[in-house]
Amino acid sequence: MNDIFTSNEELIKLIEEYGSPLYVYDENILRQRCKEMRNLLPNKNFRISYSSKANSNIELLKIIMSEDIDVDAMSPGEIFIQQKAGFTSERIFYIGNNVSANEMMYAVDKDILVSVDSLSQLKLFGEINRGGQVAIRFNPGVGAGHHEKVVTAGKKTKFGIQKDYINQVKELIKKYDLKLVGINQHLGSLFLDEDQYIEGVKKLLDIAREFQGLKFIDMGGGFGVPYKKDEKRLDLSKLSKKLEETLNEFLEKYDNKEVIFKAEPGRYIVAESGILFGTVYSIKDNYGVTYVGTDLGFNVLVRPVMYDSHHEIRVIKKCQVDNEKEKVTIVGNVCESGDVIAKDRELPKIDEGDIIGVMNAGAYGFSMSSNYNCRLRPAEVLRCLNGEFRLIRRADIYEDLVRNF
Ligand SMILES: *Cc1c(COP(=O)(O)O)cnc(C)c1O
């Protein structure tokens with residue numbers, strides 16, 4: 001059915017062993033995507049920081065770390081798990097947004113660099129860590145993304161400091177004797193056209209020129225993957241070439257020729273390595289729509305409900321295959337009418353007991369899963385390079401639901 005499994009029987013056995021639903025990741029694809037990102041700018045001082053909110057499974061983090069990739073953290077909890085995976089402090093970058101003094105201290109105490117994204121947070125940082133090193137997230141005034149909820153720069157978002165406040169930034173830096181070591185931005189999530197990224201980078205470089213001696217310039221993430229069958233891939237070689245030109249032009253006039261450029265992809269690294277599998281328990285017609293009822297509620301994968309996201313669906317037949325097709329809507333088992341994973345899809349005829357594969361589910365899949373409806377979160381399994389399957393997170397058990405009482 002796909003590259004991960006040699007046969008349907010192999011998948012069915014795996015689900016029998018670890019339960020349904022089940023997240024399965026492919027180490028080979030994961031490493032390939034890491035390498036593609038690492039090689040985006042082969043001739044530059046260039047580092048990749050994986051944005052681990054896309055998927056923070058500790059075993060996947062270890063693999064990504066072994067590919068010479070650093071990490072971005074969005075919270076102390078992410079820092080905690082990244083350190084458990086083995087990332088040292090200098091490889092972690094804490095990009096805060098509206099964080100408390102305690103949360104900032106959590107990173108500062110561990111010598112982890114913090115990025116702040118408002119004047120108030122810069123002031124707070126100065127108060128708790130006078131004389132320290134800091135990074136600042138700017139909002140370049142342009143954004144990108146597949147849905148307005150994931151556009152994280154531009155004129156309609158809460159993120160970053162707008163360029164007009166550079167003087168106030170400089171004053172605060174002086175007042176608290178801070179050392180600005182880097183600036184960063186993040187346009188938003190999921191672009192497939194390299195020009196949007198380049199446009200954002202140019203704006204960030206304009207801001208960089210205002211500050212001498214920066215150690216790094218972090219251009220952000222957002223690299224898209226094709227969720228739809230007929231979508232074109234992001235053209236990395238084109239992106240690489242345009243980026244290289246843009247950065248060279250900048251370097252000609254910048255004082256620190258050794259400045260490190262960074263990018264922080266999340267989705268691109270993990271999305272395509274993951275497939276979510278679920279089981280069909282019921283099929284019915286309701287007023288002209290055929291509903292395929294599965295255990296893939298939005299507690300397991302929220303993207304379709306939250307962002308109207310499209311995921312390709314594969315049907316794995318338990319029994320014989322006939323060539324009949326039908327239009328169906330695949331739904332989960334959560335008590336809300338919005339609990340739809342795929343609407344009006346032309347698919348091979350589905351029967352009870354068949355397995356549904358939700359493709360490209362590696363990013364913002366498990367990491368956004370929840371125990372809503374007191375459902376148990378699924379297990380995660382890795383297909384290792386040698387073809388063997390390994391459990392990398394067990395499924396919840398009922399006791400997990402009462403652990404904190
Ligand atoms: C989420 C996030 C990223 C990664 O976004 P992707 O679309 O997954 O690449 C990068 N930088 C920041 C600051 C983020 O919040």
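Given the options Gly220, Gly278, name the one that is crowded, with 24+ Cβ neighbours inside 10 Å, under 27 Å from the mean Cα position of the chain (by Cα), away from the ligand (no atom under 16 Å from the Cβ) and outside any helix (DSSP H, G or I).
Testing whether each residue is crowded, with 24+ Cβ neighbours inside 10 Å, under 27 Å from the mean Cα position of the chain (by Cα), away from the ligand (no atom under 16 Å from the Cβ) and outside any helix (DSSP H, G or I) leaves just Gly278.
Quick one: would you say Gln82 is more than 14 Å from the ligand (Cβ to nearest atom) and in contact with a strand residue (DSSP E or B) (Cβ under 7 Å, 6 or more places away or on another chain)?
So Gln82 fits the description; yes.
So, of the residues in the range 281-298 that are outside any loop (DSSP other than H, G, I, E, B) and either within 16 Å of the ligand (Cβ to nearest atom) or of a type in the set (Gly, Ala, Ser) (or both), which turns out to be surrounded by the most Cβ atoms within 10 Å (Cβ to Cβ)?
Gly293
In the range 92-126, which residues are surrounded by fewer than 18 Cβ atoms within 10 Å (Cβ to Cβ) and either within 16 Å of the ligand (Cβ to nearest atom) or in a loop (DSSP other than H, G, I, E, B) (or both)?
Scanning the range 92-126 gives Asn97, Asn98, Ser100, Glu103, Asp109, Lys110, Asp111.
Exactly one of these conditions fails for Ala144: (1) touching a residue at least 60 places away in the same chain (Cβ under 8 Å); (2) outside any strand (DSSP E or B); (3) surrounded by fewer than 23 Cβ atoms within 10 Å (Cβ to Cβ). Give me its number.
(3)
As an exercise: evaluate Ser237 against (1) farther than 30 Å from Leu178 by Cα; (2) touching a residue at least 12 places away in the same chain (Cβ under 8 Å); (3) among the polar types (S, T, N, Q) and give the number of the one condition it does not meet.
The number of the failed condition is (2).
Residue under question is Leu14, and the condition is that it be touching a residue at least 24 places away in the same chain (Cβ under 8 Å), in the same structural domain as Ser370 (by the TED database) and assigned to a helix (DSSP H, G or I); does it hold?
Yes; evaluated as a whole, the condition is true for this residue.
Which of the residues spanning the range 149-161 are surrounded by 12 or more Cβ atoms within 10 Å (Cβ to Cβ) and either within 21 Å of the chain's Cα centre (by Cα) or more than 16 Å from the ligand (Cβ to nearest atom) (or both)?
Residues satisfying the conditions are Lys149, Val150, Val151, Thr152, Ala153, Gly154, Thr157, Phe159, Gly160.
For the range 17-37, which positions are part of a helix (DSSP H, G or I) and in contact (Cβ under 8 Å) with a residue 24 or more places away in the chain?
Correct list: Tyr18, Glu27, Asn28, Ile29, Leu30, Arg31, Arg33, Cys34, Lys35, Glu36, Met37.
If you scan the range 162-196, which residues turn out to be hydroxyl-bearing (Ser, Thr, Tyr) and away from the ligand (no atom under 14 Å from the Cβ)?
Tyr165, Tyr176
If I ask for residues that are buried (at least 19 other Cβ atoms within 10 Å of the Cβ) and either away from the ligand (no atom under 16 Å from the Cβ) or without any contact (Cβ under 8 Å) to a residue 12 or more places away in the chain (or both), which ones from the range 255-275 would you list?
Val259, Ile275
Given the condition without any contact (Cβ under 8 Å) to a residue 60 or more places away in the chain, in a strand (DSSP E or B) and in the same structural domain as Lys13 (by the TED database), answer yes or no: does some residue in the range 352-366 qualify?
No, every residue in the range 352-366 fails to be without any contact (Cβ under 8 Å) to a residue 60 or more places away in the chain, in a strand (DSSP E or B) and in the same structural domain as Lys13 (by the TED database).
The values are calculated or read from the model by the stated rules, or taken from the named source; none is laboratory data. No experiment lies behind these values; they were computed from the predicted model shown. We place every Cβ from the backbone using ideal geometry, glycine too, and count neighbours over all the protein chains shown.
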